[in-house]
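The values are calculated or read from the model by the stated rules, or taken from the named source; none is laboratory data. Given the structure is predicted, the values throughout are model-derived calculations rather than measurements. Ideal geometry is used to build each Cβ from the backbone, glycine not excepted, and the neighbour counts take in all protein chains shown. Calculation scope for accessible area: heavy atoms of the full protein, side chains included, ligands and nucleic acids excluded. Shrake-Rupley method; radii C 1.70, N 1.55, O 1.52, S 1.80 Å.
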Amino acid sequence: MSASAIDQRIRSLRPPKVRVDPYKAHGSLLEDERRPDGTIERALTAFLAGAECPFTCSFCDLWRWTIDGPTPPGALTRQLESVLHAVDGAIPNRLKIYNASNFFDQRAVPLEDVLGIARLASPFAAVTVESHANTIGPRTLELTRQIPGRLEVAVGLETIHPVAIAQLNKRLDLAQFDSAAHLLRENGVDLRVFVLLGAPHIPAKESVAWTVRAVEYAVERGASVVSIIPVRGGNGEMERLQRLGLFTPPTLSQLEEALDASLQFTSTVVNADLWDVERLPGCEDCRSDRIARLRRLNLTGRAESKVSCIKCGAV
């Protein structure tokens, strides 16, 4: 099947998308984050609405937060202005700009908005944007010159499993990821990496091991932060793969196991992405205690005793 046919199949299985206003941000989040030097910094994440990513990854659910067509020039700047206007108190250390797409894709972030966002980001000591590895290049380096703070680019590695990486429809191979990581490192740009837990086409019993291998791969390529993201269903394609026996939804216990095993990489902050963590299958008696433990591990990076539960027999 051709790449365009795969794209069409994935898109055809999606449920209806709600209308997204290109001039209104989805929201924002203030949280504390650990950095590789052990310090805790305050980070403001702005969730902006813009054009959809063109890569159509099989596991993606971010498309539901995007608009149809290219981002109107000036729209992202207006959204970020509204987010920053609502911030009370001191300016946080870091501004994270997540637009559910690729910051360096001009269709998603017009040049006008790159300049506007750079201006608005000037008070922050550090700025994080997200991008597919294949769109990292000259526009990335230009942004480093436009902001006074240190730039960090968040990139999805997802998996290094040889079968799964080819089946994600991400149009990314390890050589391309390595090239992007090298470019960032050589130009003083920090690298944040996303890896998947429960990637389709990986047997469930091997899922945690392959996640930890992907974390190690990112660490070896200089990642400052690695976030472990459990694959979520709901986009139609994941349900199709589940019916075929090619996808098993990850569990809360697997997320714990993957994070516990990844704490060995002390030069890098490895954390568990807890967005929608309540949806992960797990024991209801100990769920809240396990989630609280994951939150602590994210902040401290220090191993601690696991939660024991009489009902599920976990230790």
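Just by accessible area at a 1.4 angstrom probe, what is the order of ILE291, ILE310 from largest to smallest?
Result, largest first: ILE310, ILE291.
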Using a simple charge model, +1 on the beta-carbon of Lys and Arg, -1 on the beta-carbon of Asp and Glu, nothing else, what dipole does the chain show about its Cα centre, in debye to the nearest 20?
340
Binned Cα-Cα distance frequencies in segment 27-110 - 5 Å width, integer %
3, 14, 22, 20, 16, 15, 8, 2, 0
For the residue pair THR144 and GLU239, what label-to-label distance in nm results when each label sits 7 Å from Cα along the Cα-to-beta-carbon direction?
4.4
In whole percent, and with a 1.4 Å probe on the protein chains, what portion of the accessible area of segment 211-272 is carbon and sulfur?
47
Under the 7 Å Cα-to-Cβ spin-label approximation, ALA5 and LEU62 lie apart by a distance in nanometres of 2.8
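Accessible area, 1.4 Å probe, largest first: how do TRP65, TRP210 sort? Could the numbers behind the result be given before it?
Numbers: TRP65 115, TRP210 45 Å².
These residues rank, largest area first, as TRP65, TRP210.
Solvent-accessible area per residue for segment 204-301 at a 1.4 Å probe radius, Å²? It would help to have the intermediate numbers written out before the result.
On the way: 4180 Å² over 98 residues.
Normalised by residue count, the accessible surface of segment 204-301 is 43 Å².
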Whole number please: convex hull volume per residue of the Cα set in the chain, in Å³?
136
Bridge type composition, segment 1-97 - antiparallel percent by DSSP, nearest 5:
60
Considering amide H positions built from the backbone, and no H for Pro or chain starts, which residues 5 or more places from ALA223, or on another chain, come under 5 Å of its amide H?
none
Across the chain: Cys residues that no other cysteine approaches within a C-beta distance under 4.7 Å
CYS53
Which percent, to the nearest 5, of DSSP beta bridges fully inside the chain are antiparallel?
20
Quotient of C-alpha Rg and 2.2 N^0.38 Å, computed over segment 166-309
1.08
For ARG150, ARG9, what's the largest-to-smallest order of accessible area, 1.4 Å probe?
ARG150, ARG9
Between TYR23 and SER122, 0.36 nm times their residue separation minus their Cα-Cα distance comes to what?
33.5 nm
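Need one number: convex hull volume per residue for segment 144-250, Cα atoms only, in Å³.
Working: hull volume 11.5 nm³, N = 107.
Looking at segment 144-250, the number lands at 107 Å³ per residue.
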Accessible surface of segment 1-131, 1.4 Å probe, proportion on carbon and sulfur as whole %:
55
For a quick check of understanding: with a 1.4 angstrom probe and all protein chains in place, what accessible area in square angstrom does HIS182 have, to the nearest ten?
90
